[in-house]
Amino acid sequence: MLMRTRRTATVAALLLATTVAVTACQAAPDAPEEASGSLEQIAERAGCAPDLQTDAAELRQAQCATDDGKYVLTTFATDRGQREWLNESKDYGGSYLVGRKWTVSGDAGTVEQVRERLGGRIETTEPHAPHASPSSGSSGHGSGHESGHGSGHH
């Protein structure tokens, strides 16, 4: 019986610690309530006159230039579509401000500034370097690495 009580107490302590840790990882208290709505509504809240680049069923993407800097605002039709886009974007690296069904991509300083108006959470990734093929004799780094990167993501 004593063993069961200790196990219950340990499980309860772990659950409490997990709850505290998850709460601490959420948006910082100084961030505003997370923006929602159409691309145009989110852009207005960010102080951006959006220059629409992509208007497709699965996503809409616009370039923005404000006092904060230049960035790309993307809205998504589904949460899954957004997650897939973000996962693919990790290959390119960068800073992303992420809200529900929208992202802002740009340099770290710009993303931090835009967050003050849109809320959300920041995700930062390092570019993924391709692996060299055994026959190429190359390290996989250097010339040509950046070609093709960035289309549709930044």
Fill in: Unique residue being over 14 Å from the mean Cα position of the chain (by Cα), closer than 28 Å to ASP67 by Cα, open to solvent by 70 Å² or more (accessible area, probe 1.4 Å) and at pLDDT below 95 when the list is SER147, SER151, SER135, SER139
SER151
Fill in: Hits in the range 53-69 - residues which are farther than 23 Å from ARG80 by Cβ and either of a type in the set (A, V, I, L, M) or assigned to a helix (DSSP H, G or I) (or both)
ALA65
Item to complete: Determine which single condition ASP79 fails, assuming it passes every other condition in (1) surrounded by 13 or more Cβ atoms within 10 Å (Cβ to Cβ); (2) among the acidic types (Asp, Glu); (3) within 21 Å of THR124 (Cα to Cα).
Response: (1)
Item to complete: Please work out if LYS101 is surrounded by fewer than 20 Cβ atoms within 10 Å (Cβ to Cβ), charged (D, E, K, R) and in contact with a Cys (Cβ under 8 Å, 6 or more places away or on another chain).
Response: no
Worksheet item: Could you list, in sequence order, the residues of the range 70-105 that are on the phi > 0 side of the Ramachandran plot and outside any loop (DSSP other than H, G, I, E, B)?
Response: GLY94
Worksheet item: Looking at the range 86-98, is at least one residue closer than 24 Å to GLY47 by Cα, open to solvent by 10 Å² or more (accessible area, probe 1.4 Å), touching a residue at least 60 places away in the same chain (Cβ under 8 Å) and touching a Ser or Thr at 6+ places or on another chain (Cβ under 7 Å)?
Response: yes
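The values are calculated or read from the model by the stated rules, or taken from the named source; none is laboratory data. If you're wondering where the values come from, they're calculated on a predicted model, not measured in any experiment. Because the Cβ atoms are built from the backbone with ideal geometry, glycine has one as well, and the counts that use them run over all protein chains shown. Each accessible area value is taken on the protein alone, full model and side chains, heavy atoms only, with ligands, DNA and RNA left out. Shrake-Rupley method; radii C 1.70, N 1.55, O 1.52, S 1.80 Å.
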